[in-house]
Amino acid sequence: AQTQQNSIVDPNNYRNINSPNSQQIYVRIDDVMTNSCSSIGPYVQLNVDPVPEINPATNLELCDDDGDGFATGFNLESRISEILGSQSTTNFTLSFHLTEEDARNDLNSIVETTDYTNTVSNQQTIYVRIVNNTTGCFTGGAVIDLITVDVPTINSIPNLELSDDDTDGSAQNGILQNIDLESRIPEILGNLDPNIHFVTFHESELDATAGNNAIVSPYTNTTPFNQIVYVRVENTVTTCVNT
C-alpha cells in the first residue's frame, strides 16, 4: 500500500491468502486532484467462519405392515443430536429436505419432521441443512436413510383337533386340559429363523396386537368345543410384529 505495488486485482472475488481464518486488508486512498495526498490504513478485516459440521446419523427403520414399502411415523428430529454431534442445538438451526440441492438452497423443507411418511419405497435418503445462527454459515448433505422393514410372515396352519377326556371329570364338556400350543410353532414360523422370532399365543386379537396376556402352554381352552387362539410373531432384531 505504501509503495503502490501488488494491488488486489479483483476485489469483488478475492480469496484470502497466507492468513487462514482472519486477514487484514490494507487500503490506500489517493487524492486524484493533486496526486499528493494519500491515506493508508488497515480498514478491512476478513474473517472466515467454518461451516457447520454434518455428522452421519443412524438409519431410521419402521415396520412395513402392509408390504407396500411405505410407513408413517419416521421421527427425523430424533436424529438431531447425532447430526450435530458436539455442536450446540441452541447455536444451530436444522431443516430436512428430499434432495441435496434443496438442502443447500433452503427449499421445500419437510414439514412433518416427527411423523414423516417416506415418499420413496423401501429406502429413502433424507438431506439436512444446518445453519449457524450467529454467522449465517450453512452446509447441507445426506444424513439419514429411512428404511421400511417387512413384518414376519405367519403361515396358515391346520386346525388343532383333540379328543376331550375326563381329566376335569367330564369327557363331554368340550374343555380339554394340557393343549400343547408350542408344538405348532415350527409350522407357524415356516422358513423364519426361530432364533430371532418369538411366538406367543393369546385369547384375543387385541391382546395379540398389544402383546398382552400371553397364554401359557400347556393350555386349557376357555370356550367349550371350539375356540380361536391368536398368534403373535415378533422379530427380535427389527422388533417388527405380525399377528
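Would you point out the residue of region 203-216, among those that are under 21 Å from Pro158 (Cα atoms) and of a type in the set (D, E, K, R), that is surrounded by the fewest Cβ atoms within 10 Å (Cβ to Cβ)? Checking each candidate, the answer is Glu205.
From the list Thr153, Thr222, Thr167, Thr200, the lone residue that is within 38 Å of the chain's Cα centre (by Cα), outside any strand (DSSP E or B) and either crowded, with 17+ Cβ neighbours inside 10 Å or at pLDDT below 95 (or both) is Thr153. Among the residues making up region 65-119, none is without any contact (Cβ under 8 Å) to a residue 12 or more places away in the chain, under 30 Å from Ile154 (Cα atoms) and not acidic (Asp, Glu).
For Thr89, the conditions (1) of a type in the set (S, T, N, Q); (2) more than 14 Å from Pro56 (Cα to Cα); (3) at pLDDT 95 or above all hold with the exception of (3).
If I ask for residues that are surrounded by fewer than 12 Cβ atoms within 10 Å (Cβ to Cβ) and part of a strand (DSSP E or B), which ones from region 28-42 would you list?
Matches in region 28-42: Ser39, Gly41, Pro42.
The residue that is nearest to Tyr230 (Cα to Cα), counting only those in region 137-150 that are open to solvent by less than 50 Å² (accessible area, probe 1.4 Å) and not hydrophobic (A, V, I, L, M, F, W, C), is Thr148. Of all residues in region 43-71, count the ones that are part of a strand (DSSP E or B), acidic (Asp, Glu) and open to solvent by 60 Å² or more (accessible area, probe 1.4 Å). Residues meeting the conditions: 1.
The values are calculated or read from the model by the stated rules, or taken from the named source; none is laboratory data. This is a predicted model, so every value here is computed, not measured. All Cβ positions, glycine included, derive from the backbone under ideal geometry; neighbour counts span all protein chains shown. Just the protein is used for accessible areas: all its heavy atoms, side chains included, with ligands, DNA and RNA removed. Shrake-Rupley method; radii C 1.70, N 1.55, O 1.52, S 1.80 Å.
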